[in-house]
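What follows is a short report on a single structure.
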Amino acid sequence: MTVRCIINENQSGEDMIFINSKRTKVAVIGAGFVGSSAAYALALKGYCHELVLIDVNEERAAGEAEDIRNALPWFSDMTIEARDYSGIKDCDAILITAGVNRKPGQSRLDLAGQNVKIARDVANEIQKHYTGGVLLVVANPVDVLTQKFTEWMNLPPGRVFGTGTIQDTARFISLLSRKLDISVSSIGAYLVGEHGDSHVPLWSKATIYGISLAEYCCQRSIEMGAEQKASIIKETSRMGAEIIRRKGATHYGIGGAVAYLSDSIINDRLMALPVSVMLTGQYGIARVSLSLPSVIGKNGVIQILDPAMNPEEAELFRKSAGIIRETLNDLPPM
């Protein structure tokens, strides 16, 4: 059995070894671009002991599993195999990436009708074999699908959540880093709302190592007015579509984000990240899944945080919720 050792130093300066022998298991449903990239990132980081790939195209899943397995000797000691849905038994996390991808010119919401049908089939199969674990929804439109999986699965609050704006936030921070000439690790900023065109940057909360964005820009003589902010958000919004135009799909970025979130679940990191979860009255919104900063651990989202938005941000957030609610209302019954 594989064990993991963490070496810490006690107060006397002596090394203490803590051994975590709990076997951890993750299932990835959907072995396409996103699912295979997420599985590969998980394998490289060695975040779990056992990884299962599930896909309606069994040959594709088997091929991806074998290809990733061939990389393991250089990076981690884990097992990976292609399975049917029975493979989700005893998982710590179940990652749902199955669905059609965006094509050039499509928005994420354009995928709703087709991907909700696929998601319903996936949920039915999960329910046959589910014994526990957190469901992380990755497929788009992620807010719509997160809401539907939450309704279908009827699990404890927070046990189902979606990747939400975590990738939008990564792009946002990357662009801010270039504009502000500072490392991404020094930037505290994120987007809330829809993972899509109506996402909301919380400029009022942005900081550079604890210093407000406005104060930082003033001290370094960097212009950051309405025009500059609008340009950054426009670039953040179009980045995914531009990648799709150039290479046909986006998958490495979200694959890395999924692995990062999986680590928080598997190893109970208690990290606060902007993810999509069903709201229960925050900002006057209920029974719609949107992104807010949330504390994530082994049981999924254990607390949704309520940042104090300024009036403009709060209004944009409610508009974003309205867009998702309208999409949900337009879905055919199933």
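Derivation of every value follows stated rules applied to the coordinates shown; laboratory data play no part. All figures in this text were calculated on a predicted structure; none of them were measured in a lab. For neighbour counting, all protein chains shown are included, and Cβ atoms are generated from backbone atoms with ideal geometry for every residue, glycine included.
Working out 0.36 nm times the residue gap between Glu58 and Asn299, then minus their Cα-Cα distance, what length gain in nm do you get to one decimal?
That works out to 83.8 nm of additional length.
Which length gain, in nm to one decimal place, applies between Met271 and Arg220 when the Cα-Cα distance is subtracted from 0.36 nm times their residue separation?
Residue separation times 0.36 nm, minus the Cα-Cα distance, leaves 15.3 nm.
So how many Å³ per residue does the convex hull of the Cα atoms of the chain work out to?
160
Could you tell me whether the stretch 199-295 comes out rounded, prolate or oblate from its Cα gyration tensor? Rule is a ≥ b ≥ c as square roots of the eigenvalues, rounded for a/c under 1.5, then prolate if a/b exceeds b/c, otherwise oblate.
The shape class here is oblate.
Give the separation of the Cα centroids, the stretch 174-188 to the stretch 26-42, in Å.
After rounding, the separation between the Cα centres reads 29 Å.
Quick one: work out the % antiparallel among DSSP beta bridges in the chain, nearest 5.
So the antiparallel bridges in the chain amount to around 55 percent.
Under 8 Å for C-alpha pairs, at least 6 residues apart: give me the relative contact order for the stretch 166-330, rounded to a whole percent.
Once normalised by length, the contact order is 23 percent.
When the distances between all Cα atoms of the stretch 29-78 are binned every 5 Å from zero, what whole-number percent does each bin get?
The calculated distribution, bin by bin, is 5, 24, 35, 23, 11, 2.
Could you work out Rg/(2.2 N^0.38 Å) for the stretch 22-162, with Rg from alpha carbons only?
Relative to the rule-of-thumb radius for its length, the stretch 22-162 sits at 1.01.
What percent does the relative contact order of the stretch 17-117 come to when contacts are Cα pairs within less than 8 Å and at least six residues apart?
34
Give, in nm to one decimal, the length gained when the segment between Tyr209 and Leu331 is fully stretched (0.36 nm per residue of separation minus the Cα-Cα distance).
My answer for the length gained is 39.6 nm.
May I ask for the Rg/Rh ratio of the stretch 166-330, computed from Cα atoms with Rh as the Kirkwood radius, given to two decimals?
My calculation puts Rg/Rh at 0.96.
Mind giving me the nanometre distance, one decimal, between the label points for Arg23 and Arg238, set 7 Å out from Cα along Cα→Cβ?
5.1
Averaging sequence separations of C-alpha pairs under 8 Å and six or more residues apart, then dividing by the length of the chain, give the relative contact order as a whole percent.
Taking the mean separation of contacting Cα pairs over the length of the chain, I get 18 percent.
Just from its helices, what would the mean residue ellipticity at 222 nm be for the chain, if runs of 4 or more DSSP H residues each count -39500 (n - 2.57) and the sum is divided by every residue, rounded to the nearest 500 deg cm²/dmol?
My calculation for the chain gives -13500 deg cm²/dmol from helical runs alone.
Would you calculate the separation in nanometres between label points at Ala308 and Gln106, each defined as 7 Å from the Cα along the Cα-to-beta-carbon direction?
So the two model labels end up 4.3 nm from each other.
About the Cα centre, and with charges only on the beta carbon of Lys, Arg (+1) and Asp, Glu (-1), how big is the dipole of the stretch 22-162? Nearest 20 debye, please.
400
Give the residue from Val100, Thr280, Leu202 lying farthest towards the positive end of the charge dipole for the chain; charges sit on Cβ (+1 for Lys and Arg, -1 for Asp and Glu) and the dipole is referred to the Cα centre.
Val100
For the stretch 166-330, with the dipole built from +1 on Lys and Arg beta-carbon atoms and -1 on Asp and Glu ones, taken about the Cα centre, which of Leu180, Ala241, Phe317 lies farthest toward the positive end?
Working it through, the farthest residue towards the positive pole turns out to be Ala241.
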